Each structure stands twice: as structure tokens, then as C-alpha cells.
Amino acid sequence: MLAKLRFNNVVGKKIVMAITGLAMCIFLVGHLVGNLLLIWGKDKFNAYGSFLISLPIVPIIELGLLAILLFHVWDALVLLKGNYEARPIPYHSKTWGRTKSKKSKKTWASTFMMTSGIIILLFIVFHVWHFKYHNPVASRPVGDGHNSSIVLFPGQPTVGQTTSGQNSGKEAFDLAQLVVNELSNPIVAGIYILCMITLALHLYHAVSSAFTSLGANHPRYQKGLMWFGNIFTFVVCGGFTLIPLLIVLKVVQ
Amino acid sequence: MSASNGTKKNMNLKLLVWRQSGGKDKGKMTTYQANDISPDMSFLEMLDVVNENIIRDGGEPIAFEHDCREGICGSCGVMINGVAHGPDEGTAACQLHMRSFNDGDEIVIEPWRARAFPVIRDLVVDRSALDRIIAAGGYISVNTGNAPDGNAIPIPKEMSNDAMDSAACIGCGACIAQCKNASAALFTSAKIAHLALLPQGDPERGERVIRMVAQMDAEKFGSCSNEGECEAVCPKEIQMTNISLMNREYERAILANKK
């Protein structure tokens, strides 16, 4: 009578939303650490990029991330439809319960989760097209099409490389230069910064909400989880904002 | 004005009330004047006065649900100026007093809005969806025969406190009315929690949460966005931690249930 895994209802779907959302948060940490190498040095960033591409597991991880993203988006849309249908006749006037009691945690962030989510989804599509598939929008293509004149791994081999291996001395794409060229344009940098603010808005509600959906909301550690969510949001989104900001301010060139 | 220290004078109010003659009627907001309202009246008493006037003028009185008027039965409940049960914290509409309003205020009064709560008449909605959620699993198995010894089963004090806090839910439906998604998560979770926390509820623990969540889903309530609007308007101050407990119970059940 009772089916095996019951994720196909309002509680189960929120659990899926929470798991996929937190998984993407873990990805964000890795992505941020990698990207911050750009501030340290362009060669460091390019070396990291080439190292990632050389790993055979990366395409599998990418597919996994895509699946996680699609689950998150699909469940959000199904839940949105259900929520929309759950109140077919709207109120004549409706105010936030916050006006009555401070116990409500409703914020603009939690109110516009779907809007911020859609903006982030569009940003992800643009961002992947922009930098993963090297499509400059505001500057000339870097180097000769997809290959730059900069040679990575000159001289001694790095981790994962062998002197006689095919990668030694191979021309690699200068992603760092593309990123710097693109984000030097104030409009492109502005788009990236605005999208990071949108992400911050999303995460401000999402991280602590995900823990609640997973069942981790208890008087003993509820405050701690709220703080964790806020600090995580600040560090991750602040870190990502730093990159276009420093480039457009010509600190990183 | 030293004689009337701390008291207000009688008020004149403008009411904007949802009128709907039945399930098939489209319904509309109608304006009423409530004059000479004492600040010591309860909100429902104010509606009584308005209804007396309507009846005297040969009209159909505003239908609203009420029973105990002591804030413990869960019958009353309307949206007052866009907030379930009105502006006072931890208060049902019947325990809300007119001193919370000012002379000349316009008060908007609407029924709970949810697909699962069809309007029967005016401000009265059909909340039997909540009964069906309880019937799906909000029960325990008890042996027939003599009443068991009251202290035969040891229950930690904190456990019993938490269970009693959850059991305080009167099923008024304010949480659903206030929720932007019309989610019944707070109601259902309170009903799950108050049995799951006690040893008496243990035999059905896994089945209960699966069945009650399935019923909540079948009644077409929305999903929980963890905003806590429900907790803010609950007249019994049921906490959001119940929702987390329900999610925990649900995860435990889908991982541990054998069926």
C-alpha cells in the first residue's frame, strides 16, 4: 500500500529541494575557492583550470551537478504550481504576519525566492555559455580562437603532468585573460555583481530553510543554523562579488 | 480626562466584509458602518452589534463561526486587515478586543482563503480537510478495559511539555490562512508531534506521519516555505519546530518503515 520512497508530495519535494540546494552550496564553495585563485595570480588560475580539465571525473561531476540543478528547478516549478492552486481566490487585503509577531521569519528574500531563483537560473545558463564555452560578449576572443599563445606548464611538470606526457608544453586556453577582459567592462561586471546579490538574496533564506526542511530546526541549535546560513551567504556571495569588483576597479589586471 | 485614565471612548468604524450567500455565489466585499462600538467589546461582539443592525434593517446577518468565545475551541477565525485573527499576538479573533483599534479605522474582514477551505457562507469556511488529516493518522491504539494507572509509563517532563505545547493546537486554520502557499504544515506537524513525542503514540509513529502527510497532500494544501508566518498568527503559539519535527519523522519513516 505504501510506496517505497515517498518524495512525491509536499514534504518529500521540499526534502529534495533542500538536499539538492545544499549540494549546490557545497559546489559553490569549491567554485569560489578555485575562482579566488584569479586574484592570487592569472597563471595560478589557469593552472587550476587545466588541472580540472585533465581530471576524467570532472565531466561526471558536471553531469551530476546538472541533474541536481534540474531536480531543484523541476521540484520548485511543481511546488509553485501546487502553491498557486492551493489558494485560487486571493485575499482582498493581505499583510505580513510579521506586523503581528516578530516570530515570523518572512523577509523580502523569502518572498521572492522564485524570482531570485529564475534570475540565478538564467545567470547559470549565461555564465556557462560565457566562460565555460568561451563566448566573449564585451571583448575580443582571447588568442587564436580557442587557443592562446600562452603556454602552460613551461619547464617543470606540475601535479598530474609528466614531462613526456601530452600535456607538457601544450597550448592551453587562457581563461584568466578572457575573464579579466570581459569583467573589465563595467556592464558585464555589473551583471555579475547584480546576479551575486540575487544569489545572496536567495541563499539568505535558502540555507537555513533547507535545514528546516531536512528536519534540523531545534531550539538548541536553530539560532546557530540561522547564523551559519547568514555567514555562509555573506562569505560565498561576498567572495564571488570580489572577483568582478576587483577586476573592474583594475586591482586585478 | 483623568476619570477615563487608560480607557478609550466609543468608536465609529467602517467595515469591509466579504459577503457570499453560498458555495455557488461569487461573493463580494460589502461596506458596513459600526457605530458607537465600545473598546471593551470583543471583535465578535462588535460583529454581533453590526448584525443586530442588519437584522433590524431587514437584511441578512453576516455569517461567522464561533462557539466558546474563550479562545479554546478553534471555531472562530477570520482575516482581519489581512492578518489571521487580527493584530494581537497569540490571540484568536474572539479574544481580540476592540481596544486594539482606533476610532475611524477601516477594518477589512475576510474568510480564510484556501482551495481546501471552500466558503460555506460569508466568513464561514468548510475546514473538514483538517478533520480528514487527523482521521488519517492522528490516533493511538489503547487497550479496552480498566483505565491504566496514570503513572505506569514514565515520560520525561520536557517531553510531556513539548507534547502538550503541540497538542495545544485548536485546529482553527489560521496557519493555513496566513501562509502564502496555504500550507497545512504547522497544523499537521503539531498533530503529528504531540503523538510522536509520547510513548503512547509510538506504535503508529512511522505509519502516522506517512498517512497524515499523504492526506495533507491529497487535500491540495501548498508546501511549506519555512517563513514562519503561521507561527506568528497562531493563537496557541504553536512553534515552527513542529514542522521540522514532522520532516524528521517523515525522513525516519521513509528510511525505516518496512512497508
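The values are calculated or read from the model by the stated rules, or taken from the named source; none is laboratory data. Everything numeric here is computed off the predicted structure, so don't read it as measured data. Virtual Cβ from ideal backbone geometry, glycine too; neighbours counted across all protein chains shown. With ligands, DNA and RNA removed, areas are computed over all heavy atoms of the protein, side chains included. Shrake-Rupley method; radii C 1.70, N 1.55, O 1.52, S 1.80 Å.
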(request) Only helical DSSP H runs with n ≥ 4 go in: add -39500 (n - 2.57) per run for chain A, normalise by residue count and round the 222 nm mean residue ellipticity to 500 deg cm²/dmol. (result) -21000 deg cm²/dmol
(message) Using the Cα centre of segment B:127-256 as the reference point, and only Cβ charges (+1 on K/R, -1 on D/E), how large is the resulting charge dipole? Debye, rounded to the nearest 20.
(response) 260
(message) Going by amide H atoms built from the backbone, whose H comes under 5 Å of the H on B:Leu123, apart from near neighbours?
(response) B:Ala63
(request) Name the residues whose placed amide hydrogens come within less than 5 Å of the amide hydrogen of A:Asn185, ignoring near sequence neighbours (fewer than 5 apart) on the same chain. (result) none
(message) On a 22 Å Cα-Cα criterion, which of the cross-link pairs B:Lys14/B:Lys180; A:Lys106/B:Lys236; A:Lys14/A:Lys94 come out too long?
(response) B:Lys14/B:Lys180; A:Lys14/A:Lys94
(message) Please list, in order along segment A:37-49, the HN-Hα scalar couplings obtained from phi with the Karplus expression 6.51 cos²θ - 1.76 cosθ + 1.60 (θ = phi - 60°), rounded to whole Hz, x for Gly and Pro.
(response) 4, 4, 6, 5, x, 5, 5, 4, 5, 5, 5, 4, x
(message) What Kirkwood Rh does chain A have if only Cα atoms enter the pairwise 1/r average? Answer in Å.
(response) 20.8
(request) Once you have all Cα-Cα distances for segment A:1-125, histogram them in 5 Å bins from zero and send the whole-percent values. (result) 2, 8, 12, 16, 16, 14, 11, 8, 6, 4, 3, 1
(request) Provide the per-residue ³J(HN,Hα) series for segment A:87-97, in order, calculated from phi with Karplus coefficients 6.51, -1.76, 1.60 and θ = phi - 60°, each as a whole number of Hz, with x at glycine and proline positions. (result) 9, x, 9, x, 6, 5, 9, 9, 10, 5, x
(request) Percent of Cα-Cα pairs per 10 Å bin, from 0 to the last occupied bin, for the protein assembly as shown, please list those. (result) 4, 16, 22, 19, 16, 12, 7, 3, 1, 0, 0
(message) If I compute solvent accessible area with a 1.4 Å probe over the protein chains, what percent of it on chain A is carbon and sulfur?
(response) 72
(request) Could you sort B:52-64, B:163-175 so that the peptide with the highest average Cβ count within 10 Å comes first and the rest follow in order? (result) B:163-175, B:52-64
(request) Using only the Cα atoms, work out Rg/Rh for segment B:11-120, with Rh taken as the Kirkwood radius, to two decimals. (result) 0.94
(request) Can you send over the carbon and sulfur percentage of the accessible area for segment B:11-120, probe radius 1.4 Å, protein chains only? (result) 43
(request) Starting from the amide H of B:Ala184, placed 1.01 Å from N in the peptide plane, find each other amide H under 5 Å away whose residue is 5 or more places distant or on another chain. (result) B:Gly222
(request) Apply the Karplus parameterisation 6.51 cos²θ - 1.76 cosθ + 1.60, with θ equal to phi minus 60°, to every residue of segment B:100-106 and state each ³J(HN,Hα) to the nearest whole Hz, in sequence, with x for glycine and proline. (result) 6, 10, 10, 4, x, 5, 9
(request) In nm, give the distance between the simple-model label positions of B:Ser38 and A:Trp74, each being 7 Å from the Cα along the Cα-to-Cβ direction. (result) 6.3
(request) Mind checking the per residue accessible area of chain A for me, 1.4 Å probe, whole number of Å²? (result) 56
(message) Nothing charged except the Cβ atoms of Lys and Arg (+1) and of Asp and Glu (-1): what's the magnitude of the dipole of segment B:1-151 about its Cα centre? Round to the nearest 20 debye.
(response) 520
(request) Compute the distance in nm between two label points, each set 7 Å from the Cα along the Cα-to-Cβ direction, one at A:Ala67 and one at B:Ile120. (result) 5.0
(message) Students sometimes get this wrong: rank B:Lys220, B:Lys28 by accessible area, probe 1.4 Å, all chains present, largest first.
(response) B:Lys28, B:Lys220
(request) Sort A:121-129, B:148-156 for me by packing, meaning the mean count of neighbouring Cβ atoms within 10 Å per residue, highest on top. (result) A:121-129, B:148-156
(message) I need the P(r) histogram for segment B:127-256: all alpha carbon pairs, bin width 5 Å from 0 out to the longest distance, whole percents.
(response) 2, 11, 21, 24, 20, 12, 6, 3, 1, 0
(request) Set the Förster radius R0 to 41 Å, insert the Cβ-Cβ distance between A:Leu194 and B:Leu16 as r into 1/(1 + (r/R0)^6), and round the FRET efficiency to 0.05. (result) 0.55
(request) Might you tell me the accessible area per residue for segment B:109-157, computed with a 1.4 Å probe and given in Å²? (result) 59
(request) Please average, across the residues of B:78-84, the number of beta carbons from any other chain that are within 10 Å of each residue's own beta carbon, and give a whole number. (result) 5
(message) Give me the net charge for the shell around A:Leu70: Cβ to Cβ below 15 angstrom, other residues only, Lys and Arg +1, Asp and Glu -1.
(response) -1
(request) Please give the total accessible area that chains B and A bury against each other, computed with a 1.4 Å probe and expressed in Å² to the nearest 100. (result) 4400
